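Q: Shown below is the structure under consideration.
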Amino acid sequence: MLHLNNNASKIKREILIRLTKLQLEGKLEEGAHYIPREMAPRGSEPFRCCIYHDREILRQRVIARLGWGLEDYDDDKKLADYAKEALEREAPTWPMLTVLDEACNACVKTQFVVTDACQACLARPCMLNCNKKAIEIKKSRAVIDKDLCNNCGLCMTNCPYNAIIKIPVPCEEACPVGAITKDENGKEVIDYHKCTFCGNCMRACPFGAMMDKSQLVDVIKHMMNGKKIHAMYAPAVAAQFRSAPGQLEGALMAAGFEKVWEVAQGADITAEKEAHEFEERMEEGAKMMTTSCCPAYVRAVKRHVPALESCISDTKSPMHYTAELVKKEAPDCVSVFIGPCLAKRREGMDDPYVDYVLSIEEIGALFVAKNIELEKQEIMHKENNPSPTGRNFAITGGVAEAVKVRLKQPEKLKAAVINGLSKAGMKQLENYGKINSGEIPATEDTPNLIEVMSCEGGCIAGPSVITNPKVAAIQLKKYLGQ
Amino acid sequence: MKNIRVSICTGTACFVMGASEIMMLEDSIPEDLQGRMNLEIEGVSCLEKCTNHNRQKAPFVLINDNLLENATLAGVIDALRTIVEEE
């Protein structure tokens, strides 16, 4: 898997920081125009063919970072106009993910390539094992006919010289539900009906061509207009920065939020309700129940594994319950969820209590633009201290554990965890779906509570995190004990 | 054996630009370098190297008194190897 801190992600974050600085200075419209030139100055080493191509792609990245999609990209429209319209926008726009055509490498379709290591051997297992007769030996080298090849990979596994390699299409490979395919020009297109907004493609694309549409412009606009903005931070956010207890609250207040809420408070409510619901469903004779706090998972089931849909708990997510508390206390405020997740942006769109969803990258950019050092912040006293199990929702296994400790008879629980909805994870889901529908019999080992995390490792490994998940896991432990 | 002190800036800008990866240093020392230096690793609060146009060079790491810009885990290990092997 691609390293989460790579050049492509650094460029995306740098653009966010620049835009945020400009907006805070009141110069967003006039300044946005210069970002591509400043980031790819004359005489600099280009990433692509030339700095002009780099600048054009930077221009498109700026547009996505202003919260617009690139699907109806207009060559002639000035960045200043995109900025102006972003400042006039009432609400975030659908969908949350956009493809930068220009940045997309249009990775080769045929995924198997014969390298120089080919010896054109006598045995020729590549040829003999190819069901499609797609391989010929020409000029002392095996050659794959692209039109006949069906990418089965048998030639690669059978070559004694390891001469045949697989060139993957990283985004398609990362997408667990087959929502990404190529158009007639070889560029990638997302089927938003199939997409679960898990963010895997965004993380996997080495060209940074899959981008989430930022909502930071909108939030800062409200701040600058004097609206009261309440921040709700997910437990995974607390694991991102090095700081003492209460300093994250201090930093968010310094960034301009009116009040700061821990989403772990909502996680406690979710866990409590989920435990009740589990007991009820088991009494009613249900085979199994699954958790529901991961929105990418819920969407994956609704769109792709209908046989399991009845098992998803009706309990709402920690974001929802936290936002409900916020809006009860301050009905006129703007509520902003901050988390590591792309699918939460989708969930936020449907939730009446959530106005905006920011990513960790975005909140990080806001801190940098305002020169806010976490470790130098005032320590804020916390009004509510959520339980450690509520805070532990951010890591795989945390949700199931939080439910378990709240059960009257925890010994009746048989929990299983699907750690990451990769293609293999989707297969596991389908399997549980078949058990639920009776297609496959349940066995002794069939679990009755299934926790599903779309991201392997849990939310601390979400698509917009900035901190290595191993480091984040250590920091999360410290946060649990606060 | 040489004493080497690696100070990783954990200021906000450095963290946003990927400093957390370098926090994995202790567990990432390659075998051929193990036991060949007295290595001390610390996370330090903002080194204040990221003033305005220098921000693009984050993350920053201090190795003894030498400042490493655009630091990566591999880059730090490389710098350690240079120090260990220069004699």
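Readers should treat all values here as calculations from the given coordinates under stated rules, not as data from a laboratory. Because the structure is a prediction, the values reported are computed rather than measured. All Cβ positions, even for glycine, are placed from backbone atoms using ideal geometry, and neighbour counts span all protein chains on display.
Q: Quick query: amide H of A:Trp68 versus all other amide H atoms, modeled in the peptide plane; which residues come in under 5 Å with a sequence gap of 5 or more or a different chain?
A: A:Ser214
Q: Taking the Cα atoms of the stretch A:347-438 alone, what are Rg (to one decimal) and Dmax (as a whole number) in Å?
A: Calculated on Cα positions, Rg and Dmax stand at 19.4, 58 Å.
Q: For the stretch A:1-78, what is the per residue volume of the convex hull drawn over the alpha-carbon atoms, in cubic angstrom?
A: Cα-based convex hull of the stretch A:1-78, divided per residue, equals 121 Å³.
Q: Averaged across the residues of B:16-28, what count of C-beta atoms belonging to other chains lies within 10 Å of each residue's C-beta?
A: Averaged over the peptide's residues, the number is 6.
Q: Just to check I understand the Karplus step: with θ = phi - 60° and J = 6.51 cos²θ - 1.76 cosθ + 1.60, what whole-Hz values come out for the stretch A:154-165, glycine and proline as x?
A: The phi angles translate into 4, 4, 5, 5, 8, 6, x, 9, 6, 8, 10, 10 Hz.
Q: Given Cα pairs under 8 Å that are at least 6 residues apart, what percent is the relative contact order of the stretch A:95-225?
A: Relative contact order, the stretch A:95-225: 33 percent.
Q: At q = 0.15, 0.19, 0.24 Å⁻¹, work out log10 I(q)/I(0) for the stretch A:124-213 with the Debye formula, treating every Cα as an identical point scatterer and leaving solvent out; two decimals please.
A: -0.71, -0.90, -1.10
Q: Enumerate the amide H contacts of B:Ile4 below 5 Å, restricted to partners 5 or more residues apart or on another chain; note that Pro and chain-start residues carry no placed amide H.
A: It is B:Asn38, B:Leu39, B:Glu40, by chain and number.
Q: Write down the radius of gyration of the protein assembly as shown and its Dmax, each obtained from C-alpha positions, in Å.
A: That works out to 25.3, 78 Å for Rg and Dmax.
Q: Let me have the 222 nm mean residue ellipticity of chain A computed from DSSP H runs of 4+ only, each contributing -39500 (n - 2.57), with the sum over all residues rounded to the nearest 500.
A: My calculation for chain A gives -11500 deg cm²/dmol from helical runs alone.
Q: Return the loop-located GluC sites (Glu not before Pro) in the stretch B:27-69 (DSSP other than H, G, I, E, B) with at most 15 other Cβ atoms within 10 Å of their own Cβ; answer none if there are none.
A: Here the GluC sites (Glu not before Pro) that fit, given the DSSP loop and packing criteria, are B:Glu48, B:Glu69.
Q: Tell me the label-point distance for the pair A:Arg48, A:Leu24, using the 7 Å Cα-to-Cβ offset, in nm and rounded to one decimal.
A: 3.1
Q: Which whole-Hz ³J(HN,Hα) couplings does the stretch A:311-328 yield from phi under the Karplus relation 6.51 cos²θ - 1.76 cosθ + 1.60, θ = phi - 60°, glycine and proline marked x?
A: Per residue, the Karplus-derived 3J(HN,Hα) values read 8, 5, 5, 7, 4, 8, 7, x, 4, 4, 5, 5, 4, 5, 4, 4, 6, 5 Hz.
Q: For the stretch B:26-32, just list the computed ³J(HN,Hα) in residue order, Karplus coefficients 6.51, -1.76 and 1.60, θ = phi - 60°, integers in Hz, with x standing in for Gly and Pro.
A: Residue by residue, the stretch B:26-32 yields 3, 8, 10, 5, x, 3, 5 Hz.
Q: Return one quarter of the surface area of the convex hull spanned by the alpha-carbon atoms of the stretch A:168-232, equal to its mean projected area, in nm².
A: With the hull built on Cα positions only, its mean projection is 6.5 nm².
Q: Tell me what chain B gives for mean residue ellipticity at 222 nm when only DSSP H runs of n ≥ 4 count, each as -39,500 (n - 2.57), the sum divided by the residue total, rounded to 500 deg cm²/dmol.
A: About -6000 deg cm²/dmol.
Q: Can you list which of the trypsin sites (Lys or Arg not before Pro) found in the stretch B:1-53 are DSSP loop residues with at most 16 other C-beta atoms within 10 Å?
A: Here the trypsin sites (Lys or Arg not before Pro) that fit, given the DSSP loop and packing criteria, are B:Arg36.
Q: When DSSP beta bridges are limited to those with both residues in the protein assembly as shown, what percentage is antiparallel, rounded to the nearest 5?
A: 40
Q: Tell me the relative contact order for the stretch B:2-85 as a rounded percent, counting alpha carbon contacts under 8 Å between residues six or more apart.
A: Taking the mean separation of contacting Cα pairs over the length of the stretch B:2-85, I get 41 percent.
Q: Give me the Kirkwood hydrodynamic radius of the stretch A:219-480, using the inverse of the mean 1/r over all pairs of distinct Cα atoms, in Å to one decimal.
A: 18.8
Q: Using only alpha carbon positions, build the gyration tensor of the stretch A:99-173, then give the equivalent ellipsoid semi-axes as the square roots of 5 times its eigenvalues, largest first, whole angstrom.
A: In descending order the semi-axes read 26, 12, 11 Å.
Q: Out of the trypsin sites (Lys or Arg not before Pro) in the stretch A:1-62, which ones are loop residues according to DSSP with at most 11 other C-beta atoms within 10 Å?
A: Sparse-neighbourhood loop trypsin sites (Lys or Arg not before Pro): A:Arg42.
Q: Moving on to the next point. Can you give the average number of partner chain beta-carbon atoms within 10 Å of each beta-carbon in peptide A:243-253, as a whole number?
A: 0
Q: When only Cα pairs under 8 Å and 6 or more residues apart are kept, what is the percent relative contact order across chain A?
A: 17
Q: Between A:His33 and residues 5 or more places away or on another chain, which pairs have amide H atoms under 5 Å apart, with H built 1.01 Å from N, and which residues are they?
A: Amide H neighbours of A:His33: A:Ala80.
Q: Find the percent of Cα-Cα distances in the stretch A:17-168 that exceed 18 Å, and round it to a whole number.
A: The proportion of pairs with Cα distances above 18 Å equals 68 percent.
Q: Using the Cα atoms of the stretch B:2-85 to build a convex hull, what is its mean projected area in square nanometres?
A: 4.9
Q: Beyond 27 Å between alpha-carbons counts as too far, so tell me which of A:Lys78/B:Lys49; A:Lys316/A:Lys412; A:Lys287/A:Lys477; A:Lys327/A:Lys376 fall in that bin.
A: A:Lys78/B:Lys49; A:Lys287/A:Lys477; A:Lys327/A:Lys376
Q: Moving on to the next point. So for the pair A:Lys477, A:Tyr73, with labels modelled 7 Å out along Cα→Cβ, what separation do we get in nm?
A: So the two model labels end up 4.5 nm from each other.
Q: Using just the alpha carbons, could you tell me how many Å³ per residue the convex hull of the stretch A:204-276 encloses?
A: With only Cα atoms used, the stretch A:204-276 gives 161 Å³ per residue.
Q: What is the projected area of the convex hull of the Cα atoms of the stretch A:229-336, averaged over all directions, in nm²?
A: For the stretch A:229-336, the mean projected area of the Cα convex hull comes to 8.4 nm².
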